Amino acid sequence: MTAHGFPLLSLTILLPLAGCAAVLLGSPRRAPHAALAATAATFLLTLVPLHASGSGDGGFRFVEHHPWVESLGISYHLGVDGLSLFLLPLTGFLSVMAVLVSWNTVRERVKGYFVSFLVLEAAMIGVFTALDAVLFYVFWEAMLIPMFLIIGVWGSENRRYAAVKFILYTVAGSLLLLVGFILMAFLSASHGPGFTFDLTRWLLFSVPESRQNWLFLLFFAAFAVKVPLVPFHTWLPDAHVEAPAAGSVLLAGVLLKMGVYGILRFCFPLFPSAVSAFTPAVMVLGVVGIVYGALLAFTQEDLKKLVAYSSVSHMGLIVVGIFCMSPAGLKGGIVQMLNHGLSTGALFILVGAIYERKKTRKLAELGGIAGSAPVFAVFFVIAMLSSAGIPGLNGFVGEFLILLAGFQFRWWLGALAATTLVLGAVYLLRMTQRVLFEKDRSPERGPVYDFRFRERFVMTAMVLPMAVIGLFPSILTDRLEPAVRDLAVPAVSRWAVEAPPAAAEHIQIGGTAREHRLAGS
Amino acid sequence: MNIALPEVDLATLLPEGILLTTAAAILFLRGARANGTALAAAMAAAAVSLLLSLFPYPGAAGGTFDGLVGKDAAALLFLVLTDLAALAAMALSRQETGGDENGETYYGLVLFALLGMHVMVFARDLLVIFLGMEILALPLYVLAGFDRGRKEGMEGSVKYFLLGGFSSALFLLGTALYYGAAGTTGMGGLSASPAAPVLLAAGLALVVAALGFKITAVPFHMWAPDVYEGAPLGVAALLSAAPKAAAFAVLLRIGLAVPGAGTDFLPWACAVMAGASMAVGNLAALRQENLVRMLAYSGVAQGGYMLMGLPALAGDGSPALAFYLLVYILMNLGAFAVAVTVAGGKGGSLKIGDLSGLASRRPLVAFAMAVFMVSLAGLPPTGGFFAKFYMFKAALGEGWLFLVLLAVGMTVVSLFYYLRVVAVMYMTEDKGGRAVPAGAPLAGGLAALLALATLATGILPSWIFQGIGRVFP
C-alpha cells in the first residue's frame, strides 16, 4: 500500500525537530511561537491519515521502508494502521495543548523547555508509526531523556527523585523488551523470514508455543511498567506530582497509551497462545488496578496525585478491556485510550490552572472557586463528568464497550470492572465538591481570576472532542473495525497452519489480515 | 655455513618507524617553544600512523620477521583504535603540561606507549607481546606520576608500578608454561593439539590474567581508580581506553585459536570476568563523589560489557567487540575532554558536584557531557546504544542469556550514576560555582567533535558496521 510516495510520516516526525532548530536559533521570547507553529503544523499532518482511510482496510498505509542497518536486519520502516490511526492525532493535539498551557507559565530556560517538548513529540510519533522493532525501541527510549528533563528541570520540589524514578522504572522494563526483540530476531532467523527486526516479517511465522510464554513476559515487562499496571505503577504518582502541568498532560495523555499500544502491536499478534495463557493473571492485575487505584485516589489530598491514581484505575480498565480479546473489548480499549487522554489531559490542565492561581493543590486548602470563576467551574465539571463516564460524553462510550466485553467474558469480571463507575464517581464528585464549592479554605482567601482567552480556547478545544465522541461514537468505532477484526482473529486460525520454514512467504493464514500486512510491506 | 636470515619487510612497520623516530626526536627538543612543538609533532605522528592503518598502503598488511609480526585486517583495525585513543588523549593534555619545564617529554612518552601498544596488537608471539606490554608500561609508570606536585600522583604511580610489575611477572610465567606445553611461544602453538593440556591451560590462564590488568577486568581492577585519580587527566584518559584496545586485540587473537583441550576454559573464564566486572564496576561507581574515580569504575564496567564479546567469538563476538571499543573510545574520551575543560587545574580531584549548574554556565559543554553520559548508559540515539545492542545480540546468539540478563540489570544500575551527572548539570542551581577557566580550546573542540561522533554512531552506524564487517567476515 505504498500508493503515497510522499514521505508523510517522516515529515511528521521531522517537523517537531525542525521546530527545535527554530526555537534554538530564535530568541527566548519567540520560543513559544516557534513551538506552537511546529506543533500545530504537525497536528495538521497527523490528521491526514485519518482523512485518507475512509475505505476501511486493515493494512498499513503511508508505508516508508528504507534500509538502516542492513547487516543487523534493522530497517527504517514506518506505517499507520487502524491501531495507530487515532493515536497520532491525539499526540499532535495534546502537544499543541501542552505548548499553549505553558505559554507564559515557564520563565526560566524557556528554549530548553520547548526543545524538550518538541523532541518528545517527535519520539512519540515515531513510536506510534515504527514498524521495525529496533526503530520502535529507539523512539521508545528517545522519549525518556526529554521527559526526564521536563520533570527534573521544570518540576516542583522533589523533582530529581521523581525524574530518576521515572527513568529507572521505564528502562528496567524496556531493556527486557530489547532482549526480547533480539531473541525474536533469532527465532525469525530460524523460522524462515531471516534475521530481521521488521514487525511485518515477524508476522509471517508462528512463534513456537514453547517460546511464547518467555518472550511474552520479556515484552510485557516493558509495556506493563508504561501502562502502568499495579504493582509497577509507583513511579506514576511521583512523576505526575512533580512534572509541570504540560508534562503531566503528555505523560497521562500519550505516554501511558504506549504501554497498551505496545501490547496490542507486539504481544497480541506475535504471542497469541501466551496471551491466552496469561489472560487470567493480567485480568487480576487489571481489576486490582481498577479498585486499588480508585481507592487510593479517594484518599489523596493532593489534586495531582488524585488524578494520577485515577489514571491507574482507568488504565487498569483499558487493560481488562483489551484482554477480553473480543471485538467489543478491543474497540472499547482503544476508544478509552483516546478518552482517557482527553479527560485526564483536561483535568491536569485544570489542576495546573488552580495551582497557578492558588499556589496549592491540597484539597484541604481549596474551595469555593466556582463562585469567583464560573467559566473555570463549567469546564471542570465537564472534564470531571467525562472522566466519570457519564452518558453523552466520551468516557461512557469506552467504558460501556469494555464492560460489555467484560460481562461477556466472565460475569463476575464485568461486575468487578463495573465498580469503576461507582468508585470513579465517588472520588471525582468529592474532588469537585471540595474544589469548586464549600467555602474557601485557602490561606490567602479571595476571588481567583477566571479563565481568559488562551485558557478558554484550550479548554474548549479539549472539551469539544469529548462531546463529539460522546454523541457520535461511530466516527471512531467504524474506523476501528478493521484493526479490531485483525487483532481479534482468534489464536486458533493462526495455529491451523504450521509454517514450513522455507516456504514462509507463501502461507495463507487466518484470512485477509495477513495479506494486507504483506501488501503493506 | 648457511644461516637462514629471517625475511624482513620494513615497509610493513612504517607507522611504527614514524612513531619511534618522532618519539626519540621529541626527547631532544629544547627551548621556549618546545612544549607546543612536541605536542604538534606527536599528534602529527599519531595522526599519520592512524591514516596509514585506516587507508592501508600497498604492503601495510603482511607478515614479517618469520611470522613474529603479522598485520592483518583485524590488526590494522585495532591499530586505528589505539591511535585514535592516543591522539585524543594528547589533545587533552595541553593544559597539564603547559607549566611544566619538562612538558615536551610527556608527548614523547605517550608516543613510546603507543608504540608498545602497536607491538602488542601486531605481534604473533607471546614473547614479542611481552615486549610490547613492557614498552607500553614503562612510559605509563612515569606518566602516571607526571604531576610531581600531587601526593596522589606519586601514590598512584607507585601502585601502578608495583601491580604492573606483578602482571608482567604473571605474563612471563604464563609464557614459560605455554612454552612447556606447546613447544613454542608463537600463537601457532595453539592450533596444534598440545601434549600437556593442563600445562597449556595454566599458562593461558596466567596470560589472560595479566591482560586482565590492562583492561581493568575484575578481579584485576584495583589499581585503576587510584591511578586515574592521581594521574594528569590526559594520562587517565589514555589509560582508560588505549591499553584496553591493545589488550583486547591480544585476547581476541588467543580466543580465536581453535578451541580444544587446554583452551576450552577460556570462554567461561571471560564470561566470569565479564559478569564480575559489570557487577563490581557499576556498583562501586554508584558511591563515587569524584568524577575521575567514577569514570574509572565506569571503565571497569564497560570493560565487562566488552568482555562479553569473547565468549561469543564463534558468532558476532569480534565485530561487536570492535564496535563497542570504537564507541567506548569516543564517549569515554569525550567525558574526559569535558572534565579537562571544566577542571581548571583541579585535575583528578574534580568532584561531580563541581559540575553543578554547568548547563546555565556553559550550555554546549553540558550538552556534550549529557550526550557522553547517555551514551555510556546505552540509551539511544547514541552510539552506546548500538554498542550494547550489538554486544547483546552477539552474546544471545551464542546462548549466553544469563550473562545478558546480568548486563541488563547492571545497565539499570549504571543509569543511577550516569544520570546523576546529567541531573547535577541541569537540575541544580549554580552555587557560585567555580570561575570558568580561561578555556581549553583544544579540549573543548575535541569534546564537541566526539559528541557529534557519538551521536553519529547512534544514528547512522551502518557504514561502520559494514567496515567492521569486512574485517571480520
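The values are calculated or read from the model by the stated rules, or taken from the named source; none is laboratory data. The model shown is predicted, which means the values in this text are computed figures rather than measured ones. Because the Cβ atoms are built from the backbone with ideal geometry, glycine has one as well, and the counts that use them run over all protein chains shown. Side chains included, ligands, DNA and RNA excluded: accessible areas come from the protein's heavy atoms. Shrake-Rupley method; radii C 1.70, N 1.55, O 1.52, S 1.80 Å.
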Per the helix-only calculation at 222 nm, which mean residue ellipticity applies to the protein assembly as shown, given -39500 (n - 2.57) for every DSSP H run of n ≥ 4 and division by its residues, nearest 500 deg cm²/dmol?
-23500 deg cm²/dmol
What spacing in nm lies between the two simple spin-label points modelled at B:V158 and A:R454, each 7 Å away from Cα in the Cβ direction?
6.5
So, over other residues within a Cβ distance under 14 Å of A:L187, counting Lys, Arg +1 and Asp, Glu -1, the net charge is +1
Quickly work out the B:A44-to-A:E365 label distance, labels modelled 7 Å from Cα along the C-beta direction, and quote it in nm with one decimal.
6.9
3J(HN,Hα) from dihedral phi, the range B:206-212, Karplus parametrisation 6.51/-1.76/1.60, rounded to Hz, x for glycine, proline
5, 4, 5, 4, 4, 5, x
With a cut-off of 8 Å between alpha carbons and a minimum separation of six or more residues, what is the relative contact order of the range B:280-473 in percent?
32
Longest span of chain B, sites excluded, free of GluC sites (Glu not before Pro) in DSSP loop with at most 13 other C-beta atoms within 10 Å?
B:102-288
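If we sort B:412-424, B:314-326 on the protection proxy, mean other Cβ atoms within 10 Å, highest first, what's the order?
Result, highest mean Cβ count within 10 Å first: B:314-326, B:412-424.
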Sorting B:L233, B:L266, B:L143 by the position of each Cα along the dipole of the protein assembly as shown (Lys, Arg +1; Asp, Glu -1; all at Cβ), the one nearest the positive end of that ordering is B:L233
Test of understanding: what is the full-extension gain from B:T37 to B:F402, defined as 0.36 nm times their sequence separation minus their Cα-Cα distance?
126.2 nm
So for R0 = 45 Å, FRET eff. of B:S349-B:V8 from the Cβ-Cβ r, to 0.05, ends up at 0.40
Relative to a virtual label point 7 Å from the Cα of B:D72 in the Cα→beta-carbon direction, which members of the range B:288-318 show backbone nitrogen distances below 19 Å?
B:309-318
Using only the Cα atoms, work out Rg/Rh for the protein assembly as shown, with Rh taken as the Kirkwood radius, to two decimals.
1.02
For the pair A:S210 and B:A314, what calculated FRET efficiency results from E = 1/(1 + (r/R0)^6), where r is the Cβ-Cβ distance and R0 = 30 Å, to the nearest 0.05?
0.80
With Cα coordinates, the longest principal axis of chain A makes an angle with the long axis of helix A:159-190, in degrees rounded to 10, of 10
Could you compute the FRET efficiency for B:A25 and B:S462, with r as their C-beta to C-beta distance and R0 at 30 Å, rounded to 0.05?
0.15
Chain A: relative contact order as a whole-number percent, Cα under 8 Å and 6+ apart
16
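List the relative contact order of the range A:277-507 as a percent without decimals, with contacts defined as Cα pairs under 8 Å and 6+ residues apart.
This gives 25 percent for the range A:277-507.
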Given charges of +1 on the Cβ of Lys and Arg and -1 on the Cβ of Asp and Glu, with all other atoms neutral, how large is the dipole of the protein assembly as shown about its Cα centre, in debye to the nearest 20?
2520
Carbon plus sulfur fraction of accessible area for chain A, probe 1.4 Å, in percent:
68
For the pair A:E157 and B:A61, the simple spin-label estimate (label points 7 Å beyond Cα toward Cβ) gives in nm 6.5
Taking a probe of 1.4 Å, how large is the accessible area per residue of the protein assembly as shown, in Å²?
34
Size of the A/B contact, given as accessible area buried on both chains, probe 1.4 Å, in Å²:
3000
Links that overshoot a 19 Å alpha carbon limit, given the list A:K226/B:K388; B:K244/B:K351; B:K244/B:K393; A:K304/A:K362:
A:K226/B:K388; B:K244/B:K351; B:K244/B:K393
Carbon/sulfur fraction of accessible area - chain B, other protein chains in place, 1.4 Å, %:
70
Counting only residues 5 or more places away or on other chains, whose amide H sits under 5 Å from the amide H of A:G368 once H atoms are built in the peptide plane?
A:L436, A:F437, A:E438
Reachable aspartates and glutamates from A:K165, Cα under 13 Å, same-chain residues fewer than 8 places away excluded?
A:D238, A:E242
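Once you have the Cα-Cα distance between B:D264 and B:A196, take 0.36 nm times their residue separation minus that, and quote the gain in nm to one decimal.
Result for the pair: 23.1 nm of gain on full extension.
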How much accessible area does A:T419 have with a 1.4 Å probe, in Å² rounded to the nearest 10?
40
